[in-house]
Amino acid sequence: MKTITIEALQMFVLFTLALICATEGADQDSSFLRGGGGAGAQQLNETELEHQIITELSERMRPRSLHLGNGGSESAEARQFFHLHHMKSGGTSLDHWISCALQRQRHLDLNAVQVADDTNDKGHDEGQHKGSRAEEADINEKPLHPIIRSSRLSECSTGMYNKCISDEGAGNCRANYDNAATMTYCSPLAVVKYFDWSDADAVTMMRHPVDRVWSMFRFRTNGCYKCQDLKTVYRDMDNGDVEKYGKGICLGQLSNHISRNLLKKINVKELDTDESMTEEEKLEDAIDSIKNSFTVVGVLDQLEESLDLMSYTFPWLSVEIEGSDMTCEFPHSNASPRNKCGSSHPEESEDGKHWDLQKHPDAETRKLIEEHNQIDMKVYEAALAHFELQKLAMVATDEEDTE
């Protein structure tokens with residue numbers, strides 16, 4: 001894991017302080033941010049805030065296991081863990097990683113797990129592994145595997161999604177989600193709250209808004225954006241000329257989609273038409289979600305560190321776990337397909353079939369993405385600040401545990 005310099009830490013703490021002032025209605029006197037006097041300095045300073053945040057995050061991120069039940073009539077405890085999936089932010093890869101870890105859990109022998117727990121409790125050497133523990137306990141039962149129910153709700157499946165949040169269909173979906181131990185929500189946090197999952201442990205992966213939007217454009221160049229270049233798509237969006245583009249989530253992906261996903265206070269049945277929140281309120285709600293709605297927030301540009309944080313808090317996500325020979329490496333899924341737009345852009349196509357889009361947008365396109373994602377840009381900066389504090393919190397917890 002990368003080391004954090006004192007200068008970087010100070011920058012992130014100062015940024016977090018500034019965000020708190022911006023989003024919690026602090027007065028205009030920000031002299032305490034610079035170490036000066038004033039009323040703010042009496043209430044809060046950098047060191048106190050840093051300690052407070054790290055202490056809270058250390059407790060939030062303490063390692064925990066899945067509650068697996070007894071493997072008989074008792075399933076794993078419901079509403080334990082969910083992933084809030086932001087499209088084109090490494091979410092599909094994260095889903096596959098989580099699915100692998102859950103499948104591995106389903107193949108565990110609960111008898112052997114219990115034996116391992118019992119022998120550890122009695123002070124046995126942790127070097128004694130599966131076979132010796134079973135022999136010591138003289139257990140001859142057949143393997144007893146846990147029952148772990150998982151489900152998902154995604155805006156990509158428009159018909160099912162709309163049905164589930166409708167008055168008519170919510171009951172059937174709720175019955176399914178009520179029994180699930182884990183969920184993936186590819187939807188706003190308001191939907192998570194609607195189905196009473198807000199108290200579960202949660203993870204999410206953030207990506208720079210420019211990279212995320214460009215990746216989405218490359219992924220759905222034909223199906224959503226009809227082989228137009230992104231500058232043209234934005235121009236048509238600004239002019240209200242959007243009928244020719246894909247329905248559902250297509251255009252919404254290009255403008256502040258991440259902050260929309262992080263909203264808790266929006267009406268789930270009017271997600272794209274609810275205008276009750278100002279941009280400032282949306283920013284405040286989204287940043288509050290980053291700070292308070294997730295057990296671990298990952299950052300795709302710092303993938304290794306993100307996986308370390310998630311595996312630390314959720315050891316069952318580790319590449320290898322005791323009691324299983326199955327490994328779960330983080331995959332790289334959902335690469336952009338061939339777009340079949342070559343005939344529309346022959347000068348940028350080698351075979352006349354595929355439009356060879358660059359891996360990164362040009363300067364003009366990048367500027368347009370930033371202009372149409374101002375809230376997301378600010379939320380991402382908040383996520384980076386929070387991410388650095390999470391890394392410090394993990395170190396602090398490790399030090400506590402070794403004392």
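The values are calculated or read from the model by the stated rules, or taken from the named source; none is laboratory data. What you see is a predicted model, and the numbers here were worked out from it, not measured in a lab. With ideal geometry, Cβ positions are generated from the backbone for all residues, glycine too; neighbour counts draw on all protein chains shown. Note: areas computed on protein heavy atoms with side chains; ligands, DNA, RNA excluded. Shrake-Rupley method; radii C 1.70, N 1.55, O 1.52, S 1.80 Å.
Quick notes on this one:
- For segment 141-276, the convex hull spanned by the alpha carbon atoms encloses 158 Å³ per residue.
- Of all accessible heavy-atom area on segment 224-293, the percent that carbon and sulfur account for (1.4 Å): 43 percent
- Euclidean distance of C-alpha centroids, segment 196-245 and segment 349-385, integer Å: 10 Å
- When the listed pairs Lys163/Lys291; Lys231/Lys291; Lys88/Lys244; Lys247/Lys353; Lys231/Lys353 are checked against a 26 Å cut-off, the alpha-carbon distance exceeds it for Lys163/Lys291; Lys231/Lys291.
- Counting only protein heavy atoms and a 1.4 Å probe, segment 223-281 has 52 square angstrom of accessible area per residue.
- Distance in nm between pseudo-label sites at Glu350 and Lys269 (7 Å out along the Cβ direction from Cα): 5.3 nm
- Candidates per trypsin sites (Lys or Arg not before Pro) in segment 299-370, loop by DSSP, up to 13 other Cβ within 10 Å: Arg338, Lys353, Lys359
- Simple label model, 7 Å out from Cα along Cβ direction - Thr55 to Asn239, nm: 5.9 nm
- Between Met206 and Gly298, Val299, Leu300, the built amide H atoms are under 5 Å apart, and every one of these is 5 or more places off in sequence or on another chain.
- Near Arg152, the amide H atoms lying under 5 Å from its own belong to Thr184; only residues 5 or more places off or on other chains count, and H is placed 1.01 Å from N.
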